[in-house]
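The values are calculated or read from the model by the stated rules, or taken from the named source; none is laboratory data. All values derive from a computational prediction rather than experimental measurement. Cβ placement follows ideal geometry from the backbone for every residue including glycine, while neighbour counts extend to all protein chains displayed.
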Number of protein chains: 2
Amino acid sequence: MASSKETKIIDKTIRDIHKNLVKYTKGTLRENNLTMPRFLVLWYITKYQPVNMSFLHDKMHMANSTLTVIVDKLVDDELVKRYRNPKDRRIVLLELTEKGDKKLCKMLDIRQNFLEKALVNLNDNDKEKLIMLLGTVLGNLEELLKEGENNNE
Amino acid sequence: MASSKETKIIDKTIRDIHKNLVKYTKGTLRENNLTMPRFLVLWYITKYQPVNMSFLHDKMHMANSTLTVIVDKLVDDELVKRYRNPKDRRIVLLELTEKGDKKLCKMLDIRQNFLEKALVNLNDNDKEKLIMLLGTVLGNLEELLKEGENNNE
């Protein structure tokens, strides 16, 4: 089944918006002494923390050697803390420091401020409508995914 | 400057829509004998082809050993062809085969069909409005990025 022209446009527009936000983020990362891989490692740590190296390796499909260099640098910069699991001292865990947390929030703020500039010529009604429509799409997607998971059980 | 509540919601919704589409794609990849890293390699090749291995390595931040395994598999599956650059036979180039191209299109179609299902309760007016609003946001983002680039020159 071929999808409608409207769907293709909406799909491409959402992807392009996402791509442009990522592109902008890359630029601001450089100014904040971060790179995309380092930013992504911070992001994954905060999402699943505490995590160990092999979890990050599996999740991010990044070489162990690359990952080690990145995490070492994040630890040096005091954005990530590394400590032994008290329950099993063979396991080394990673967690964001308060400084790392602030850095990540700052990067998110910068992204949102950028998006805000791109919403400047939308009036309140437009914004409300956009939120409603995107919310509907998101709700449907989540519903469809849930159904799919249940069917696979 | 803190961004408005509306911006935060729009940012989060767009990210979540993207995330859900990626999550769904992961499931369909498995059914199509692909994995996310293999899909991404196909994607990067088609975007920049012909490419060599070190370009992919730099672009994707993937270990050379991992990348070699992935590309070997893609070549075995006849999704990618590998050949020597006629102008400099030391350089090995990668390109999608017709089969690889079809596979990638198929994956995109599946994604769009999924999104289409999520648009089912939007009427034609809603879809038109959504396209218009997202298009405005995208146009503004592209404009802002271009300005930023010009300022950095």
Given the residues B:THR66, B:THR13, which is the only one that is modelled with pLDDT of 90 or more and either of a type in the set (Ser, Thr, Tyr) or within 20 Å of A:THR13 (Cα to Cα) (or both)? B:THR13
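If we scan the range A:48-57, do we find a residue that is closer than 30 Å to B:LYS5 by Cα, at pLDDT below 95 and touching a strand residue (DSSP E or B) at 6+ places or on another chain (Cβ under 7 Å)? Spell out how you get there, then give the answer.
Of the residues in the range A:48-57, the ones closer than 30 Å to B:LYS5 by Cα are A:48-50.
From what is left, the residues that are at pLDDT below 95 are A:48-50.
From the residues that got through so far, the ones that are touching a strand residue (DSSP E or B) at 6+ places or on another chain (Cβ under 7 Å) too are A:49-50.
So far as the range A:48-57 goes, yes, one or more of its residues are closer than 30 Å to B:LYS5 by Cα, at pLDDT below 95 and touching a strand residue (DSSP E or B) at 6+ places or on another chain (Cβ under 7 Å).
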The range B:48-59, subset assigned to a helix (DSSP H, G or I) and aliphatic (A, V, I, L, M), residue surrounded by the fewest Cβ atoms within 10 Å (Cβ to Cβ): B:MET53
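Residue-by-condition table, conditions (1) loosely packed, with under 13 Cβ neighbours inside 10 Å; (2) touching a residue at least 24 places away in the same chain (Cβ under 8 Å); (3) not polar (S, T, N, Q):
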residue	(1), (2), (3)
A:LYS8	no, no, yes
A:LYS23	no, no, yes
A:LEU29	no, yes, yes
A:ASN33	yes, yes, no
A:ARG38	no, yes, yes
A:VAL41	no, yes, yes
A:THR46	no, yes, no
A:HIS61	no, no, yes
A:THR66	no, yes, no
Any pair with Cβ under 7 angstrom, 6 or more apart, that starts in the range B:90-106 at a residue that is polar (S, T, N, Q) and ends at one that is at pLDDT 95 or above: B:THR97/B:GLU78; B:THR97/B:LEU79; B:THR97/B:VAL80; B:THR97/B:LYS81
Are any residues in the range A:28-44 over 11 Å from A:ARG111 (Cβ atoms) and of a type outside the set (A, V, I, L, M, F, W, C), and if so, which ones? A:ARG30, A:GLU31, A:ASN32, A:ASN33, A:THR35, A:PRO37, A:ARG38, A:TYR44
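Residue-by-condition table, conditions (1) part of a helix (DSSP H, G or I); (2) under 11 Å from B:LEU130 (Cα atoms); (3) at the interface with another protein chain (Cβ under 7 Å from one of its Cβ atoms):
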{"position": "A:LYS117", "(1), (2), (3)": "yes, no, yes"}
{"position": "A:LEU133", "(1), (2), (3)": "yes, yes, yes"}
{"position": "A:VAL137", "(1), (2), (3)": "yes, yes, yes"}
{"position": "A:GLU142", "(1), (2), (3)": "yes, no, yes"}
{"position": "A:GLU147", "(1), (2), (3)": "yes, no, no"}
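Of A:LYS99, A:LYS129, A:LYS103, which residue is surrounded by 12 or more Cβ atoms within 10 Å (Cβ to Cβ), within 14 Å of another protein chain (Cβ to nearest Cβ), of a type in the set (Lys, Arg) and not in a loop (DSSP other than H, G, I, E, B)?
Values: A:LYS99 fails: within 14 Å of another protein chain (Cβ to nearest Cβ); A:LYS103 fails: within 14 Å of another protein chain (Cβ to nearest Cβ).
Within the list A:LYS99, A:LYS129, A:LYS103, the selection yields A:LYS129.
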